[in-house]
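The values are calculated or read from the model by the stated rules, or taken from the named source; none is laboratory data. Note that the structure is predicted; figures quoted are calculated from it, not measured. A quick note on method: Cβ atoms are made from the backbone with ideal geometry, for glycine too, and the neighbour counts reach across all protein chains shown.
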Amino acid sequence: MSVLTHHPQPFTTRTGGAGARELVLSSAMSQVVWRGDELGSHVVDTVPSGWPALDQELPGSGWPRRSVTEVLTAQPSVLEWRILSPGLKPIVDEGGQLVVIGPPRHPHLPGLLHMGLSDKQFIWIQADSPAERLWTTEQLIKSNSAGAIISWLPKVRPEQLRRLQVCAQSCEAPVFLCRPESAQYESSAAPLRVHASASQDWELNVHILKRKGPSHEQTLVLNSVPGGLASILTPRLRRPSALTPIEVPHAVGRPIVVPRTERASA
């Protein structure tokens, strides 16, 4: 795993008559216009997310290239790897470099290896200040040399996001901007915004806040056991919610605590 430290440095038109212009305009509009009640699959270049249920709801059936995607979570560096790693593995397997910028927590190498992300294609750039992260992210997007880019930008202005989106239109790699869930109430030029949260039974709840096409009303529930726990969890521990004790009123005195599993079988 490579660790780097970066610091920032302080249509042409043709005329060919009205008929020709109308013909060109009509042809161009037929290629880029999509209906508001349909997903923009035919205008989006994507890579599969690794989650079939999520791909069905994403324009182009995957994470977009030539665009930025915002991943919003309650706590940084907790759920981002779980939702992104299935889609990053094929990129790394094909030799693409995974570049991460300013993660709040040190990447856990054994966990990344378990997810199938090779340390030989992993580049971690230390950038602590918001200005450093923003500058480094923009330069990497402009270089168009990475297989995938993940940048943590907790503090970024709408005009800065707009600039990153403009730059990303010439970048073949998917670009993920990790931000706090409170940012969902802020304006953003990102065409795709998703919010991820964890449920009690090792699942990811994913809500698509913004996408090209109709709004996404329902929350997707994705089965996701983190790290190497899948091989050691017993069937009972795979559903912790069934083990949560509940209080049942008792006629004599104090309530009796009964596990949910026993209640279900009663």
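Can you work out which of the residues in the range 117-155 that are in contact with a Lys or Arg (Cβ under 8 Å, 6 or more places away or on another chain) and small (Gly, Ala, Ser) is farthest from ASP93 (Cα to Cα)?
The selected residue is ALA127.
Would you say LEU112 is touching a Leu at 6+ places or on another chain (Cβ under 6 Å) and surrounded by 14 or more Cβ atoms within 10 Å (Cβ to Cβ)?
no
Answer with yes or no whether GLY116 is among the small types (Gly, Ala, Ser) and within 14 Å of PRO174 (Cβ to Cβ). Show your work before the answer.
Working: among the small types (Gly, Ala, Ser): yes; within 14 Å of PRO174 (Cβ to Cβ): no.
It is false that GLY116 is among the small types (Gly, Ala, Ser) and within 14 Å of PRO174 (Cβ to Cβ).
Can you tell me which residue is surrounded by the most Cβ atoms within 10 Å (Cβ to Cβ) among those in the range 38-50 that are assigned to a loop (DSSP other than H, G, I, E, B) and at pLDDT below 95?
Only one residue fits best here, namely VAL44.
Which pairs do you get when a residue that is farther than 14 Å from VAL71 by Cα, found in the range 166-190, comes within reach of a residue that is crowded, with 21+ Cβ neighbours inside 10 Å and of a type in the set (Ser, Thr, Tyr), reach meaning Cβ atoms under 6 angstrom, with the pair 6+ apart or on two chains?
Close Cβ pairs (under 6 Å, with a partner that is crowded, with 21+ Cβ neighbours inside 10 Å and of a type in the set (Ser, Thr, Tyr)) amount to ALA168/SER67.
Can you confirm whether the range 162-178 contains a residue that is on the phi > 0 side of the Ramachandran plot and either of a type outside the set (D, E, K, R) or surrounded by 18 or more Cβ atoms within 10 Å (Cβ to Cβ) (or both)?
No.
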